[in-house]
């Protein structure tokens, strides 16, 4: 029997069975540098409700996950260019194809 999801739990969507339709298979097939994957995992760890990424300065992130500050900036630009994260105003969000946390109040334009 499936447990009902409650507020505050993560939900990773499975939107299909083929490489073309499943976002996780597409993500796994991309050859990202290690820093890009590590930054994405960090963002998954600090995501707040409505997929908003908690704000940290680049030096704080660098200290927490042991990546050079210049590499954090490059990895963030790659994730944004590929649509994995997106910016709305001053805040960054994880695309809801890959992760959903909490209730959906913010909608991507």
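Could you state the per residue volume, in Å³, of the convex hull enclosing the Cα atoms of the range 30-83? Intermediate values should be presented prior to the final figure.
Numbers: hull volume 4.2 nm³, N = 54.
In the range 30-83, the Cα hull volume divided by residue count equals 77 Å³.
What residues from the range 56-99 fall in the zone where the backbone N is under 17 Å from a label point 7 Å along the Cα-to-C-beta line of residue 21?
From the range 56-99, the list is 97-98.
Modelling each spin label as a point 7 Å along the Cα-to-Cβ direction, I'd like the residue 46/residue 62 distance in nm, to one decimal.
In this crude spin-label approximation the distance works out to 1.4 nm.
Since every read-out is calculated from the coordinates, none of them should be taken as a lab result. Bear in mind the structure is a predicted one, so any value in this text is a computation, not a measurement. Note that we place each Cβ from the backbone using ideal geometry, even for glycine, and neighbour counts take in every protein chain shown.
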